[in-house]
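Undergrad: Please find one structure pasted underneath; my questions will follow.
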Amino acid sequence: MQEHHVTMAANGRIVVPSQVRTALGMEKGGAFVMTVSEEGALHFEPLRNVIARVQDEVRGYIPDDVNLVDELSAERRQEAARE
């Protein structure tokens, strides 16, 4: 793990070093999730990584022979037919 020393400006902003921005794929306006550990450590993670991790976790609960998109489409068609 690399260590970077940064300083907080008077307005509360911290500049993320360019090497870190590049490594995380950070772009202007990018979305990130920031968590604070019980020890007070900050953790930044790109939102796309968080979403991918949750999708992978949920995928573990869905049998391989089930297609949720097809099931949802079928339910919507049935609802539309009842209207």
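Undergrad: Among the numbered criteria (1) under 30 Å from residue 6 (Cα atoms); (2) surrounded by fewer than 10 Cβ atoms within 10 Å (Cβ to Cβ); (3) modelled with pLDDT of 90 or more, which one does residue 29 miss?
TA: Of everything listed in (1) under 30 Å from residue 6 (Cα atoms); (2) surrounded by fewer than 10 Cβ atoms within 10 Å (Cβ to Cβ); (3) modelled with pLDDT of 90 or more, residue 29 misses just condition (3).
Undergrad: May I pose another question? Could you tell me which numbered condition residue 40 fails, if it satisfies all but one of (1) surrounded by 10 or more Cβ atoms within 10 Å (Cβ to Cβ); (2) on the phi > 0 side of the Ramachandran plot?
TA: Unmet condition: (1).
Undergrad: Can I ask one more? Return the residue satisfying two criteria in turn: it lies in segment 48-83 and is farther than 30 Å from residue 24 by Cα and of a type in the set (Lys, Arg), and of such residues it is surrounded by the fewest Cβ atoms within 10 Å (Cβ to Cβ).
TA: Within segment 48-83, the match that is surrounded by the fewest Cβ atoms within 10 Å (Cβ to Cβ) is 82.
Undergrad: Also, quick follow-up: Taking helices (runs of 4 or more DSSP H) that do not extend beyond segment 6-83, which have at least 2 residues that are acidic (Asp, Glu)?
TA: 47-59, 68-82
The values are calculated or read from the model by the stated rules, or taken from the named source; none is laboratory data. Because the structure is a prediction, the values reported are computed rather than measured. Here the Cβ is made from the backbone with ideal geometry for all residues, glycine too, and neighbour counts use every protein chain on show.
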